[in-house]
Structures are given as structure tokens and as C-alpha cells.
Amino acid sequence: MGNNIRYFGLLFCWIIMHTAFAQPCVKMGQTPPLAIPVCGTTDFVQDSVSICDGKSVPVPPCHDGTPYIDKNPFWYKFHCFTTGTLGFLIVPKILSDDYDWQLFDVTGHNPMDVYTDASLFVACNWSGVSGSTGTIPNTNAQNTCSSLPNATNAPNQTKMPTLIKDHEYLLMVSHYNDTQVGYQITFTGGNAVISDTTTPKVKEARAFCDGTTMYIVMSKRLRCNSLASDGSDFILSPSSATITSATGNCYGGYDFDSIALSLNKPLPPGNYNLVVQNGTDGNTLVDICYNTVAVGTTIPVTVFPLSETPIDSIVPVDSCNPNTVELVFRRPIKCSSIAANGSDFTITGPSVVNVTGASGVCNGMNETSTITLHIKPAIFTGGTYTVHLKNGTDGNTLIDECNFITTPQSKSFYVKQAVSANITSTIRYSCKIADTVFYHHDGNNNTLTWNWIFDNGTISNLQNPPAQIYNYNGTRYVHLKVTNKECSDTSTKAMVVNLSTYKAAFNATDYVCPIEVASFINNSTGNIVNYTWDLGNGNTSNLQTPPNQSYLAVGSTKDYTVQLIIEDTTGGLHCFDTASRKVIAVPGCLIAVPSAFTPNGDGLNDYLYPLNAYKAKNLSFKVYNRYGQLVFETTDWTVKWDGTVNGQKQDPGTYVWMLNYLDEKTNKQVAQKGTVVLIR
């Protein structure tokens, strides 16, 4: 930005001088709110640059610690009418001068936000290189940060930024040197349209009280210097009075959008026309882009008799279930006479309506032609309602701009009959499989159509749609739109589906050795109210966990079947589930390995394995031949060696076995080793 002042310690000197002599930026064009309106069809010449104190500006692309100050700035504002690129060129009158610029999108923002809101940034060039600056086509140069005057990597003409249709923009041009020679801005090269080509028109016009003053509101802002102060841009027809002066609301001294015409005497009540003509300044009214109000344009104005201002009309209530009512007055009402709590008004009709507040769209003279009543509850029941004006808590009714007090009065309006899409539902539970939900609509207020949309993609146009079957848990949604003759309404209902998840389950001792008992652990889940145990040994129980049980093995292994039946009452139903498992009683649990076996297929001693290893955990059983070769191994004691390796019978003789396991009863590790004779 600028020149060497920011570098090598000279910034300190500048701060001292600046603090002592600089003036605040307050002149027209020197602050964002006082920005100068510009048009893309004409060059703008800034004849001189006034010296003033600057403010810090956020520059998102630059993070070098340099303070970016809009020193000696001028601000320009414009509107984008067609999306496209912005091309412009700032040409100093003295080419050795260095100008900087930054563009902001201030749509919907206070113009002063440019000093605090970095998101308003669009583009910038703070190059220290002197000469013409701006944006040009056919370049890849981006936003340029501050630099020294001789920097070769800091172009002072950069890429054109893109403007968006209907957005408002501010262009800041800053001159870091304290000279006042000026520059010219030319908008060229881009394809964004920032020039308004429409003809300015009259938006509205009215006479004030006795007609000695008339107000005109234009459709767009016009140049202040195009308005003849003697009012000669207009003539009155019929000429019952003479226009003596015209004053525009010239904000910032550049443009206006409303005019006050003064007449030399009051006008009798009646209808008049204001006719546009060339004034003594040689022109009619001109907008920023030099579009003129057409000569001969006729503006009708009515002067009403001097009397109180009644409620002229009520804006038709188009919405269903409205919560506001808008009153219209032919003459503006003083906003100060409106009780903010709405106590100036009551509303009667087919249903109870409470007025909770009242407000107007107040202009610069604190007057409004409309008053909005805020009501609660919103009007649901259709029919004719009546607004009643009375003295409010402020001690009066309403007072118009001519100081007439409006007498208590009434005005009626019609409201459409609303309809409610309220959804009701009932659920029918089932055991484990699915729940069925029935949805209903009461058909209130002459409902004619129903549009149901379910989250599984199905739709229905019936008042009460087919039942929905939900077979998994979760939140399910249904949408409904209903209409009657005048209104419609929509609603969404969430249904939490919680299918019964009851389940019968238990653990039991798998093997029962002599003099041991079996124990049980109940793992059942659900809203269980009853447990029914058949313990397989002739005993039963209704306890959640039954007592330990004895099971006998008489000479050989015997299986006992244990069964559990649970009863669940989720959803008011009686649902049952059953689980069963075997408890095996064994004649012995002493683990031993035979000393010999005869794998000859006669059904006697044909296999080698650890006998009775019911209570062995993490078992490992291995067999080796006399050469130390592993011929068999298993971790399942019921898997037996048949005396072969890969289908080949092994030679008779002595083999070595090794057995390791964790004793389930003692929880100790056991390691055994021995020999066995294979006999053929």
C-alpha cells in the first residue's frame, strides 16, 4: 500500500504528523454512508482529494501485518443490474501518484460494516506502484497487497472481479500521499451492467392537509442538482395556486427520491394534476445515469376536505390462519398516536381474537399510512370480523398529520376458513413380528382432499389411510397435507416404534459329574412377568433363577433337557418365548489316557483320546512316534486318533502322548505325559 512511508521506520514519523494535523473524514463522499453514486456509462472525475484521517480496513488476502488504512479516501456506490465482471480504470492526473482501491459487497449491510466485516471483501489493489490502477481483462494477476514503489511482483492492474445481479457495492479509492490533484474513473472492459437504463417515474404523490405542500415519491434516486429549487420543474393544473419552491431529501448532497413542493396558498378540496416540464435550470429531473423524467408526465393529486382521517380500508386477508391485519388510511397517521400495545383496537367476530400490538411503517416525519395489528391467537375460524377503533391506554384514538383526531369507528373484513392437518394415530402391538399403526384425520372444517406421504415411499389420498406395518425399531414419519375450499395445511408426525425385544435365554452347566450339581444363569430380556422352568429331572420352578439341580448317570452318560418359558407383557399383550438346552450327566470325570488301543474296527478300543475330559479347558493332546515325529494333535478331546496319518496305518509299537489342559473345577493348569501301545 502506498509508498515507503510504511517501511523502514518512517511509519512512526507519519503517525506523529498524522496525529497532529490530519482531519477526520466527514465530507461528502469521504465515508461509506456518504458514498458518491456512480454510473457505468459515464466517466467520473474526482477534481481533488481532500486530506483526512483514515480508518483500518480488513483485507483478507493480505496477512503480512501491514495496517491497511483508507487514508484520504473517497467512496463510490453502485448497483449491479446484470451479473458479470467489473472493469474500471483509475487514471491519476499526475501519473507519479499512487492510488489504492478496494471493492466491497454491502448488500443488506450497514455501509460502516466495511471496517469490521471481512466477509464484505470482493477485490483490492494496494500496490505501491504508481500510475493507473484498476481491473483489466486477460490477466491472471489477483488481489495485490502492499508493496514498495519499485516492486515488480505487485501489479497495480489486476483481474476483474465478478459482480452479482441486484447486489449493492462500495468502491473505496485511497490516496496515500497528501496531494489533492485528483483522478478520473472510467468503467470499461467488463460485462457487468452497473448502469440503470430505466426511465425514472413517479411512485406516488399526495397533498398535505390544506394543499399548501405536496409530496412526490420517485421510483428511483435522482440527481440533486437536477431539481430546480424554485419548483419550476412542475406546474399545477388547474392553476389554483402557484408552486413556489421544491426541496428534495438530498442524502449526502448527491441524490434524492422524494420532493416537497410548496404552494403560495391553500388549495380547495378537489383533484389536481402536477405536470412535469423543463425547469428554469433547463432540464426536468435526472437520475444518476442521466435518464430523465419525461416532459408532460402527469401526476394526479387529490386534496381532501380538512376533516378527520377514518380507516380507509383493510388490506384483504389472503392468508389462512392470519396473525396480522393491515389497516390503510388515506392521510398519514402520526406514529406517536398509535398505542404500541394495540389498545386502540379490538376485533370481534366468529371467534375470540386478542389484539396484542400495533405498529406502522413510519417515515422520516414519523408518520405512516398503514397500521398493522398483531393478533393472538391467529384467526382460524372463517367469517366476517370487525375492527373497532377506540381510545387506547395512551388516552386517544389516532391523530393524523393534520392533527385531526379520528373518532371511534368500525371496519369489517373477511377471513377464510382455515383447516388443520392434525394427525391422530393408534397402535396395535404384536408379539415380536411387527406393530401396526392406524393414522386418522378428523376431516375438520369441510376438508376436501388428503395427501398422506409415508417415509417408506407409499402415499394415500384417503381421509384414513391404510394401516402401516412397522417391523423394525426407530422413528417413523408421516406427512399430511389437507385442503378445504379456501385453505390448506400441512403437518408431520413422528412415531417412535419400539417393537418388543423379549427373548428367552439361559446358560446351564453342560456336564454334571457324579456328586456335582448343575447351576443356571437366566439371560432372558424383555418386560417379563412370568418364568416357567422344566428342569428335566422332574423338578419345575417359577423363579427367575432356579435352584441348583442334581442329575444322575446310571452306568452311562445321560442327557437331560432343561426348558425355560417366559411371558412378556409389552404393549398390553401376553407374548411367550421358549429356550432349551441339554445338561449331560456323566458317570465319571477322571481324565485318563489308555495305555493301549487296537484300531482294528471291531468297535472295542479302536481310538486313542483322553477319557472323561468333560471339565478340561484349553485342552491340547499330542501323539509322537518313536522318532519324535508328531503323528496326531487336537484341541477337542472328542476328536480321536484312529492310528493313521494321512490315511496310512501306522506301525504297531509304543507311542508317546502329551496332554495339557486347565482344570475347570480347580482352575489349575495340568500337564501329563505317558506312553501308549498301538496293537494290530
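Every number in this text was worked out from the coordinates using simple rules, so none of it is lab data. Small disclaimer: the values here were computed from a predicted structure and weren't measured. We place every Cβ from the backbone using ideal geometry, glycine too, and count neighbours over all the protein chains shown.
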Quiz item: Between N548 and D663, what length comes free when the chain is fully extended (0.36 nm per residue of separation minus the Cα-Cα distance, one decimal in nm)?
Solution: 39.3 nm
Quiz item: Where the centre of each part is set by its Cα atoms, how far does region 402-437 sit from region 522-578, in angstrom?
Solution: 55
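If each DSSP helix of 4+ residues adds -39,500 (n - 2.57) and the sum is divided by the residues in the chain, what number results at 222 nm, nearest 500 deg cm²/dmol? Intermediate values should be presented prior to the final figure.
Details: 1 runs with 12 residues, N = 680.
Calculated at 222 nm, the ellipticity per residue is -500 deg cm²/dmol.
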Quiz item: Going by how many other Cβ atoms sit within 10 Å of their own, how do L630, L148, L103 line up, fewest first?
Solution: L630, L148, L103
Quiz item: Taking a 21 Å limit on the Cα-Cα distance, which of the listed pairs K203/K411; K55/K159; K416/K481; K27/K220; K93/K220; K203/K390 fall beyond it?
Solution: K203/K411; K55/K159; K27/K220; K93/K220; K203/K390
Quiz prompt | ³J(HN,Hα) computed for each position of region 564-569 - Karplus, 6.51 cos²θ - 1.76 cosθ + 1.60, integer Hz, glycine/proline x | solution = 10, 10, 10, 10, 10, 10
Exercise. Using only the alpha-carbon atoms of region 506-585, report the extent along each of the three principal axes, biggest first, to the nearest angstrom.
Key: 50, 17, 15
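Students often check this: by mean Cβ neighbours within 10 Å, which of 591-601, 205-215 ranks highest, and how do the rest follow? Don't skip to the answer; put the middle values down first.
Values: 591-601: 15.2, 205-215: 19.1.
Averaged packing, sorted descending, gives the order 205-215, 591-601.
Rounded to the nearest 0.05, what FRET efficiency do L590 and I679 give with R0 = 25 Å and r taken as the Cβ-Cβ distance? Could you check? Show your work: numbers first, answer last.
Working: r = 24 Å, r/R0 = 0.95.
Computed FRET efficiency for L590 and I679: 0.60.
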Quiz item: Which of the following values of Rg and Dmax of the Cα atoms in Å was calculated from the structure shown: [x] 27.8, 89; [y] 27.6, 99; [z] 47.7, 144?
Solution: [z]
Practice problem: Give a quick list of chymotrypsin sites (Phe, Trp or Tyr not before Pro) in region 502-550 that DSSP marks as loop, anything other than H, G, I, E or B, with at most 10 other Cβ atoms within 10 Å. | Solution: none
Quiz prompt | Where Cα atoms sit under 19 Å apart: lysine pairs in region 596-678 separated by 8 or more or lying on different chains | solution = 13
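Return the ratio Rg/(2.2 N^0.38 Å) for region 424-497, where Rg is computed over Cα atoms only. Don't skip to the end; give the middle numbers.
Working: Rg = 13.1 Å, N = 74, 2.2 N^0.38 = 11.3 Å.
That ratio works out to 1.16.
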Exercise. List every residue whose amide H lies under 5 Å from the amide H of V645, counting only residues 5 or more places away in sequence or on a different chain, with H placed 1.01 Å from N in the peptide plane.
Key: Q650
Self-check item: Cα Rg, Dmax, region 202-303, angstrom units
Solution: 12.6, 39
Quiz prompt | Added length on full extension, which subtracts the Cα-Cα distance from 0.36 nm per residue, T348 to V496 | solution = 49.1 nm
Quiz item: Between the DSSP loop rule and a limit of at most 15 other Cβ atoms within 10 Å, which chymotrypsin sites (Phe, Trp or Tyr not before Pro) in region 240-339 are left?
Solution: Y290
Quiz item: Mind checking which aspartates and glutamates have their C-alpha under 17 Å from K165, skipping anything on the same chain fewer than 8 residues away?
Solution: D105, D196
Quiz item: Can you list the residues, at least 5 places off or on another chain, whose amide H is less than 5 Å from the amide H of F234, using H built in the peptide plane?
Solution: Q277
Quiz item: Taking θ as phi - 60°, what are the ³J(HN,Hα) couplings along region 425-432 by the Karplus curve (6.51, -1.76, 1.60), each to the nearest whole Hz, with x for Gly and Pro?
Solution: 8, 10, 10, 10, 7, 9, 7, 6
Quiz item: List the aspartates and glutamates whose alpha-carbon lies under 15 Å from that of K265, not counting same-chain residues fewer than 8 positions away?
Solution: D210
Exercise. Return the sequence-ordered ³J(HN,Hα) values of region 471-478 in whole Hz as given by the Karplus equation 6.51 cos²θ - 1.76 cosθ + 1.60 applied to θ = phi - 60°, using x for Gly and Pro.
Key: 10, 8, 6, x, 8, 10, 10, 9
Quiz item: In region 165-204, what trypsin sites (Lys or Arg not before Pro) fall in a loop by DSSP, with at most 16 other Cβ atoms inside 10 Å?
Solution: K165, K201
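When Rg is the radius of gyration of the Cα atoms in region 311-415 and Rh is its Kirkwood radius, what does Rg/Rh come to? Walk me through the numbers on the way to the answer.
On the way: Rg = 13.0 Å, Rh = 13.7 Å.
A ratio of 0.95.
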Exercise. Report, by chain and number, residues whose modeled amide H sits under 5 Å from the one on S245, excluding near sequence neighbours (fewer than 5 apart, same chain).
Key: S262
Quiz item: Along the charge dipole of the chain, Cβ charges K/R +1 and D/E -1, which of N271, S519, M160 sits furthest on the positive end?
Solution: S519
Practice problem: Calculate the spin-label point distance for N140 paired with A378, positioning each point 7 Å from the Cα along the beta-carbon direction, and give it in nanometres. | Solution: 5.6
Quiz item: For region 103-157 and region 158-223, what is the separation of their C-alpha centers, rounded to whole Å?
Solution: 21
